[in-house]
Amino acid sequence: MADHESIVRSFYEDVLNGRNHALAAELLTADHRYHDPHVEAGTGPAGMLAAVQPYQEGLNGHWAIEDLVVGGDKVTVRWTGSGKHDNEVMGIPPTGKEVEVSAISVHRLENGKIAENWTVWDTLTFLQQIGVVPTG
């Protein structure tokens with residue numbers, strides 16, 4: 001299962017952080033599905049890239065892997081997303097504020113590629129950090 005680990009690590013390090021979007025087609029299945037209660041996405045590598053692009057561009061986002069656990073055909077990643085809100089994200093104009101949020105993603109692999117991704121991230125904290133939702 002070390003292969004599963006390297007595939008998922010490459011997704012975070014090369015595609016998300018390194019912005020090597022061409023690599024997405026090698027790491028994700030053609031019918032890849034992204035499940036996130038706050039982010040809509042189409043299918044396949046293009047759908048996944050469209051889902052993360054606002055965070056790459058709006059925050060110069062960085063995805064830091066905190067923990068990674070491989071079990072069967074699934075890889076679970078606890079990660080921290082960070083960046084500076086310099087461009088529009090989720091329809092919210094730039095605030096210039098730094099953000100850092102926690103998240104967990106479960107990736108299901110099939111035939112050496114990521115076929116599905118379920119992600120839950122701390123959207124409330126994100127909105128509080130950029131000043132859209134009050135704290136406390």
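Observations, loosely collected:
- One residue stands out among those in the range 33-49 that are surrounded by 15 or more Cβ atoms within 10 Å (Cβ to Cβ) and modelled with pLDDT under 95: the one that is nearest to Asp73 (Cα to Cα), which is Asp36.
- Close Cβ contacts (under 8 Å, 6 or more residues apart or on different chains) running from residues in the range 34-60 that are at positive phi to residues that are assigned to a loop (DSSP other than H, G, I, E, B) and not aliphatic (A, V, I, L, M) comprise Asn60/Asp86.
- Scanning the range 85-94 for residues being of a type outside the set (A, V, I, L, M), in contact (Cβ under 8 Å) with a residue 12 or more places away in the chain and open to solvent by 20 Å² or more (accessible area, probe 1.4 Å) gives a total of 4.
- Residue-level check: of (1) surrounded by fewer than 17 Cβ atoms within 10 Å (Cβ to Cβ); (2) free of Cβ contacts under 8 Å to residues at least 40 places away in the same chain; (3) more than 13 Å from Leu16 (Cβ to Cβ); (4) small (Gly, Ala, Ser), Ala64 misses just (3).
- Verdict on Ala30 being open to solvent by less than 70 Å² (accessible area, probe 1.4 Å), at pLDDT 95 or above and out of contact with any strand residue (DSSP E or B) (no Cβ under 6 Å at 6 or more places or on another chain): no
- Residue list for the range 18-27, restricted to those being open to solvent by 40 Å² or more (accessible area, probe 1.4 Å) and either in a helix (DSSP H, G or I) or modelled with pLDDT under 95 (or both): His21, Ala22, Ala25, Glu26
- Cβ-Cβ under 8 Å pairs, at least 6 apart or on other chains, the range 1-28 side in contact (Cβ under 8 Å) with a residue 12 or more places away in the chain and farther than 16 Å from Val106 by Cα, far side among the polar types (S, T, N, Q) and open to solvent by less than 60 Å² (accessible area, probe 1.4 Å): Arg19/Gln56; Leu23/Ser10
- Extreme residue, farthest from Asp122 (Cα to Cα), among residues of the range 67-84 that are among the aliphatic types (A, V, I, L, M) and either in contact (Cβ under 8 Å) with a residue 12 or more places away in the chain or in contact with a helix residue (DSSP H, G or I) (Cβ under 6 Å, 6 or more places away or on another chain) (or both): Val70
- Number of positions in the range 71-100 that are at pLDDT 95 or above, part of a loop (DSSP other than H, G, I, E, B) and on the phi > 0 side of the Ramachandran plot: 2
- Within the range 101-136, being part of a loop (DSSP other than H, G, I, E, B), without any contact (Cβ under 8 Å) to a residue 12 or more places away in the chain and among the hydrophobic types (A, V, I, L, M, F, W, C) holds for one residue alone: Val133.
The values are calculated or read from the model by the stated rules, or taken from the named source; none is laboratory data. The structure displayed is predicted, hence computed values, not measured ones. FYI the Cβ positions are ideal-geometry reconstructions off the backbone, even for glycines, and counts take in every protein chain you see. When the accessible area is computed, the model is the full protein with side chains, heavy atoms only, and any ligands, DNA or RNA have been set aside. Shrake-Rupley method; radii C 1.70, N 1.55, O 1.52, S 1.80 Å.
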